[in-house]
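Undergrad: Structure incoming, see below.
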Amino acid sequence: MNNKTEELDRGPFFHGTKAELNIGELLNPRHLSNYQDKRSNHIYFTATLDAAKWGAELAVSGSTERIYIVEPTGEFENDPNVTDKRFQGNPTRSYRSKSPLKVVAELGAWERHTDEQINHMLASLQKLRKEGKAVIED
């Protein structure tokens, strides 16, 4: 992990989910992944609202989509699943940490992606699973 996380990004940081959380609560790693049938070693977050929206919209649950403003409590690094596999650099400003994230606020209003965009993304993810390519480096 990078010891100079302040050089990666200063935020603000977001976490998209369908979990109902309270201000001050900690989001910890080792929860079931939204993208694989396993527990994740990291907690993922972003400094872009668009990436956070995808996290909320694609989360596996029938609950309400939510975006929280979070603060990392420890070191973090670029998310290699985005930076190495999909985009050069880190334009989505996506990160991961083995340390908890502290919930500091909930974003009250935000505009969802269209149903067409969400369905297209879900279909793309399903195709990757069928091809055995839906592997998350964790």
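Values quoted throughout were computed directly from the atomic coordinates according to the rules given, and no laboratory measurement underlies them. Computed from a prediction, not measured in an experiment: that's the story for all the values here. Note that we place each Cβ from the backbone using ideal geometry, even for glycine, and neighbour counts take in every protein chain shown.
Undergrad: Could you tell me which of the pairs Lys18/Lys98; Lys53/Lys98; Lys102/Lys127 are separated by over 25 angstrom between their Cα atoms in the structure shown?
TA: Exceeds cut-off: Lys102/Lys127.
Undergrad: While we're on this one: Most exposed first by the Cβ proxy, i.e. fewest other Cβ within 10 Å, how do Val60, Val103 rank?
TA: So the ranking, lowest neighbour count to highest, is Val60, Val103.
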